[in-house]
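*Asks:* Structure in structure tokens, see below.
The values are calculated or read from the model by the stated rules, or taken from the named source; none is laboratory data. Note that the structure is predicted; figures quoted are calculated from it, not measured. Using ideal geometry, Cβ is built from the backbone for each residue, glycine included, and neighbour counts are taken over all protein chains shown.
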């Protein structure tokens with residue numbers, strides 16, 4: 001019996017932290033499309049508001065018509081003394097409008 005394996009790819013977040021690596025927004029969009037075509041189930045794309053490039057990426061990625069992959073936003077959980085409705089970290093994750 002064959003079993004399905006779901007791949008969670010973190011190239012756009014962890015891979016982008018390697019020395020000398022700096023993906024452009026276009027690079028990131030091409031990587032997402034390629035991973036989707038390969039059948040990757042989840043693509044961790046980074047923090048949606050960590051820098052202007054990521055803000056633009058997530059804004060443009062919302063319009064991608066992915067067939068296999070779900071885009072994943074990465075970020076901090078709610079801070080202890082801040083109401084969830086006012087927590088900038090939570091609001092940034094929600095602003096990415098990713099399914100995961």
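*Asks:* Could you look through segment 13-47, keep only residues that are in a helix (DSSP H, G or I) and touching a strand residue (DSSP E or B) at 6+ places or on another chain (Cβ under 7 Å), and pick out the one that is surrounded by the fewest Cβ atoms within 10 Å (Cβ to Cβ)?
*Replies:* Filtering first and then ranking leaves 35.
*Asks:* Give the residue, chosen from 40, 32, that is within 26 Å of residue 6 (Cβ to Cβ), in contact with a helix residue (DSSP H, G or I) (Cβ under 7 Å, 6 or more places away or on another chain) and at pLDDT 90 or above.
*Replies:* Details: 40 fails: in contact with a helix residue (DSSP H, G or I) (Cβ under 7 Å, 6 or more places away or on another chain).
Exactly one of 40, 32 is within 26 Å of residue 6 (Cβ to Cβ), in contact with a helix residue (DSSP H, G or I) (Cβ under 7 Å, 6 or more places away or on another chain) and at pLDDT 90 or above, namely 32.
*Asks:* Here's a follow-up. Please go through segment 48-72 and give me each residue that is in contact with a helix residue (DSSP H, G or I) (Cβ under 7 Å, 6 or more places away or on another chain), within 24 Å of residue 6 (Cβ to Cβ) and outside any helix (DSSP H, G or I), ordered by number.
*Replies:* 48, 64, 66, 67, 68, 69, 71
*Asks:* Also: Looking only at residues that are under 10 Å from the mean Cα position of the chain (by Cα) and more than 14 Å from residue 28 (Cα to Cα) in segment 53-85, which one is surrounded by the most Cβ atoms within 10 Å (Cβ to Cβ)?
*Replies:* Quick first cut of segment 53-85, residues under 10 Å from the mean Cα position of the chain (by Cα) only: 54, 57-58, 61, 70-75.
Filter once more, so that each one left must be more than 14 Å from residue 28 (Cα to Cα): 70, 74-75.
On the way: 70: 15, 74: 19, 75: 17.
This residue is 74.
*Asks:* Further question: Can residue 7 be described as surrounded by fewer than 17 Cβ atoms within 10 Å (Cβ to Cβ) and within 14 Å of residue 100 (Cβ to Cβ)?
*Replies:* Answer is yes for this residue.
*Asks:* Go through segment 70-97 and give me each residue that's over 18 Å from residue 14 (Cα atoms) and touching a residue at least 40 places away in the same chain (Cβ under 8 Å).
*Replies:* 92, 95, 96
*Asks:* List every residue pair whose Cβ atoms sit under 8 Å apart, with the two residues 6 or more apart in sequence or on different chains, where the first one lies in segment 46-68 and is in contact (Cβ under 8 Å) with a residue 60 or more places away in the chain and the second, anywhere, is part of a loop (DSSP other than H, G, I, E, B) and surrounded by 17 or more Cβ atoms within 10 Å (Cβ to Cβ).
*Replies:* If the second residue must be part of a loop (DSSP other than H, G, I, E, B) and surrounded by 17 or more Cβ atoms within 10 Å (Cβ to Cβ), no pairs are left.
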